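Structure first, commentary second.
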Amino acid sequence: MLVDPHPAHFVRDPPHKGEGKAAPRLTLSGISKSFPGVRALHDVSLSLYPGQVTALIGENGAGKSTLVKIMTGIYQPDAGTISIDGQAVTLPSAHAAFGHGITAIHQETVLFDDLTVAENILLGHAPRSRFGTIDWRTMRKNAREVLNTMGAGHIDADARLKDLGIANKHLVAVARAMSIDAQIVIMDEPTAALSLKEIEELFLLVEFLKSEGKAILFISHKFDEIYRIADRYTVFRDGEMVGEGLIRDAGQSQIVRMMVGRAVDHIFPQRKAEIGAPVLAVSGLSHPTEFDDIGFELHRGEILGFYGLVGAGRSEVMQAISGITRTSSGTITLEGKAIVPKSAADSIDAGIVYVPEERGKQGVVIGLPIFQNISLPSLKRTSKSGVLRLAEEFALARSYTERLDLRASSLSQDVGTLSGGNQQKIVIAKWLATTPKVIILDEPTKGIDIGSKAAVHGFMAELVAQGLSVIMVSSELPEILGMSDRVVVMREGRIASVYDNKRLDAETLVKTAAGIAA
Amino acid sequence: MKVFPRYREVWLLAAIVVLIGLISMRFPGFAAFGNLRQLFNDTSILMILALGQMVVILTRSIDLSMASNLCFTGMVVAMLNAAHPAIPIPLLIVIALLVGLVLGAINGFLVWRLNIPSIVVTLGTLTIYRGATFVISGGAWVNADQMSPDFIGLQRAAFLGIPVLSWIAILVIALFFLLMTRTALGRSIYAIGVNPTASVYAGIDVGRTKFIVFCISGMAAGLCGYLWISRYVIASVEVANGYELNIIAACVIGGISIAGGIGSVGGAVLGALFLGIISNALPVINISPFWQMAISGSAIILAVVLNARGERRQGRIILKKAEAA
């Protein structure tokens with residue numbers, strides 16, 4: 001849907017003298033991958049060099065994880081070639097990628113919790129004794145040697161993996177990569193769950209891998225980390241590569257511009273809602289581990305955007321406001337009355353509803369028909385002393401499906417048979433049917449087609465025009481900029497800034513969310 | 001799609017008809033109305049128990065203690081009747097329901113408040129309730145001659161040509177049907193079985209609902225405590241020993257998914273009926289007990305395979321529609 005196939009600020013640095021000499025260890029070229037209705041990657045290229053860290057940068061949905069899955073043999077590209085040391089290869093399975101020395105370290109490492117460290121490191125290539133059984137003593141010795149060369153001798157080779165912290169699990173994953181002599185290491189947001197000290201340790205490890213001549217792909221949203229550790233960068237946007245080069249030649253602003261600069265692919269609805277008095281006031285809301293001192297006001301007829309990186313604590317705040325999790329301190333005031341929601345039912349009764357992010361897991365109940373999904377949070381209203389009034393239930397479902405222009409053959413149809421966009425309409429309908437005062441939408445258009453997106457946006461405009469107040473958590477910049485009256489930016493569990501949308505641009509938002517000084 | 005959930009009940013009904021047909025070939029009187037009426041009466045207790053178990057299984061839980069609950073409650077009412085024959089039978093039935101409710105509530109409380117998996121809780125109470133039966137009875141039996149004529153006779157009395165026991169089963173089936181299709185509780189039970197997370201977000205109290213389903217299965221077991229003892233006219237520690245497996249088998253044959261969320265009143269009733277035919281009718285046509293067990297076992301596995309296939313097919317249909325959209 002991009003209007004301009006060649007964005008104006010496409011940057012490709014000429015190879016630097018000295019660094020350009022080394023031949024790339026892994027080269028992806030012309031890779032494309034589509035899923036039904038979605039073009040995930042279009043003609044992208046990426047090179048990884050021995051002894052260098054390449055940072056892969058892009059917004060959510062830019063195609064980074066699809067690329068990682070292609071590199072690790074989980075997805076097959078529709079077009080394009082993969083070559084290792086100049087030799088074209090195919091990676092038909094995860095096992096094949098592993099055999100070619102490609103290994104990935106994920107946020108949540110995929111190791112075996114109940115096996116020991118040594119077993120995790122050497123599983124699949126454990127030393128054998130004369131009788132074909134596993135030679136445990138050599139196995140422990142080998143594991144210890146690998147750990148020692150990495151400077152991770154503090155990890156006990158006999159410890160169960162589940163007793164290790166996440167940082168040490170990463171070390172074990174790296175040790176495993178070392179033990180199979182992996183030449184290409186993919187690190188997919190490895191720091192997301194780490195403390196500052198652990199991040200430092202991880203960086204030492206990355207330096208070690210570099211000195212060993214490994215080619216490293218480092219995926220992170222955090223600019224300070226990228227500038228600290230990476231030698232090169234590649235920027236993806238909407239499934240295309242929009243720039244690459246040496247990190248020392250690129251300023252942060254330049255990279256941010258590459259990430260966000262895009263043609264507008266979707267017209268947002270005009271709104272004429274009157275912003276009225278405050279409806280919801282939150283102050284000093286804190287949670288022991290997830291967020292701290294959250295305070296904001298939401299006005300009648302307002303759409304308040306919540307922007308931030310994944311893991312900034314936005315959904316956690318919303319779950320606390322809607323009674324799904326508890327807070328340690330702070331107050332929530334709805335229309336001048338303090339409320340203390342102890343369960344989702346309390347919030348729904350008070351007039352605050354939360355439309356969760358995971359549509360399939362938290363939103364629709366697949367297996368139940370449409371009308372039962374819609375009435376589920378409103379059972380108290382559609383029943384009298386516990387006995388359902390089916391006519392009322394149907395009327396409720398019908399009125400909201402009509403308002404949302406839902407396309408289904410019958411209200412008794414199983415929601416599992418509907419498309420993602422229509423399921424999202426059901427989820428929204430089911431919460432609206434409780435006649436809330438405040439509706440919190442968490443990533444309301446994630447993973448749905450353009451047509452349904454426009455319908456959801458149009459509907460949001462209609463809601464605020466009727467005097468409802470909307471909180472919209474979104475990681476999609478165009479949506480945040482196109483729909484919000486004001487934008488709250490969260491970073492690492494705190495509110496970083498609140499902006500009025502009238503003088504707001506995408507770069508400011510990304511910089512605030514990533515903690516880059518403007 | 002809409003007919004799909006009824007699909008398997010229809011198949012089960014067809015299987016029962018075929019089974020009755022096959023048996024009638026060797027034993028012509030089998031399909032006569034009088035005999036079928038008897039068959040239903042013989043299966044009534046299993047039906048009630050299977051319905052109680054069904055609501056528990058629908059919420060992704062299981063109640064292994066139902067047979068022990070039945071044994072304990074049966075002993076309580078039998079001893080009360082033996083000691084105080086003046087207590088009217090309707091009052092005894094209420095007592096049986098209450099005692100069963102308390103035992104079920106203990107299960108439910110442990111599952112809800114202490115968050116212990118139901119299979120562990122009820123495996124424990126399975127033994128405890130049977131042990132408690134021994135404690136209150138001192139290991140002694142209550143025999144037919146100690147029970148009052150009303151106690152024994154109530155379920156055998158006929159009303160409109162059908163025994164009271166069958167009427168009780170019909171009443172219970174109707175109540176469960178209303179519960180599952182016409183009440184907010186029934187709806188919540190299905191919802192938390194299909195998707196517990198989404199149910200929490202929808203404001204349903206999952207823990208409390210589980211507590212309630214264990215209360216329901218407890219009451220079903222308690223009611224059957226009276227019905228069982230007055231039918232077989234002996235109360236002992238051995239009553240219904242191991243019967244929990246028949247109850248679960250009836251549910252599984254009836255198409256109730258052990259993974260929760262899928263199943264119907266009709267399925268549970270037909271599942272119980274199927275088992276009832278196998279255990280009551282096959283001996284009549286001289287099929288050895290070994291074959292009875294083999295047939296019940298095969299039916300269980302066949303039912304699970306058919307149901308799993310059905311669910312898979314549902315998944316394929318979703319994909320096809322998604323492609324078309």
Close pairs from the stretch B:248-261: first without any contact (Cβ under 8 Å) to a residue 60 or more places away in the chain, partner buried (at least 23 other Cβ atoms within 10 Å of the Cβ), Cβ under 6 Å, at least 6 apart: B:V252/B:A303
In the stretch A:196-219, residue farthest from A:L67 (Cα to Cα) [restricted to those that are of a type in the set (A, V, I, L, M) and assigned to a strand (DSSP E or B)]: A:A215
Count of the stretch A:373-387 residues which are over 9 Å from A:K430 (Cα atoms) and either crowded, with 21+ Cβ neighbours inside 10 Å or more than 8 Å from every other protein chain (Cβ to nearest Cβ) (or both): 5
Complete set of residues in the stretch B:192-209 that are facing chain A (nearest Cβ under 7 Å), of a type outside the set (S, T, N, Q) and in contact (Cβ under 8 Å) with a residue 24 or more places away in the chain: B:V194
Test: B:T181 is β-branched (V, I, T), part of a helix (DSSP H, G or I), away from chain A (no Cβ under 14 Å) and open to solvent by less than 50 Å² (accessible area, probe 1.4 Å): no
Exclusive hit being open to solvent by 30 Å² or more (accessible area, probe 1.4 Å), more than 23 Å from A:F459 (Cβ to Cβ) and small (G, A, S), set A:S399, A:S328, A:S410: A:S328
Qualifying position, being out of contact with any helix residue (DSSP H, G or I) (no Cβ under 8 Å at 6 or more places or on another chain) and at pLDDT 85 or above, among A:R494, A:R486: A:R494
Test for A:K69: is it open to solvent by 70 Å² or more (accessible area, probe 1.4 Å) and within 21 Å of the chain's Cα centre (by Cα): yes
Residues of the stretch A:358-371 that turn out to be facing another protein chain (nearest Cβ under 9 Å) and open to solvent by less than 30 Å² (accessible area, probe 1.4 Å), as a count: 6
Close pairs (6 angstrom Cβ cut-off, 6 or more residues apart or separate chains): surrounded by fewer than 20 Cβ atoms within 10 Å (Cβ to Cβ) and of a type in the set (V, I, T) in the stretch B:106-121, modelled with pLDDT under 95 and assigned to a helix (DSSP H, G or I) anywhere: B:I116/B:L110
Out of A:L418, A:L390, sole residue that is facing another protein chain (nearest Cβ under 9 Å), open to solvent by less than 20 Å² (accessible area, probe 1.4 Å) and out of contact with any Cys (no Cβ under 9 Å at 6 or more places or on another chain): A:L418
Failed condition for A:T417, given (1) free of Cβ contacts under 8 Å to residues at least 24 places away in the same chain; (2) in the same structural domain as A:S322 (by TED's automatic domain parsing); (3) touching a Lys or Arg at 6+ places or on another chain (Cβ under 7 Å): (2)
Top-ranked residue in the stretch B:141-178 [being in contact with a Phe, Trp or Tyr (Cβ under 7 Å, 6 or more places away or on another chain) and either among the aromatic types (F, W, Y) or not in a helix (DSSP H, G or I) (or both); ranked as nearest to B:A220 (Cα to Cα)]: B:W167
Filtered residues of the stretch A:333-357 (kept if within 30 Å of A:L481 (Cα to Cα), in contact with a helix residue (DSSP H, G or I) (Cβ under 7 Å, 6 or more places away or on another chain), open to solvent by 10 Å² or more (accessible area, probe 1.4 Å) and among the β-branched types (V, I, T)): A:I348
Selection count where residues are assigned to a helix (DSSP H, G or I) and within 15 Å of the chain's Cα centre (by Cα), scope the stretch B:227-253: 13
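The values are calculated or read from the model by the stated rules, or taken from the named source; none is laboratory data. The model shown is predicted, which means the values in this text are computed figures rather than measured ones. So basically every Cβ, Gly included, is an ideal-geometry build from the backbone, and we count neighbours across all protein chains shown. The protein model used for the area step is the full one, side chains on, heavy atoms only, and it has no ligands, DNA or RNA in it. Shrake-Rupley method; radii C 1.70, N 1.55, O 1.52, S 1.80 Å.
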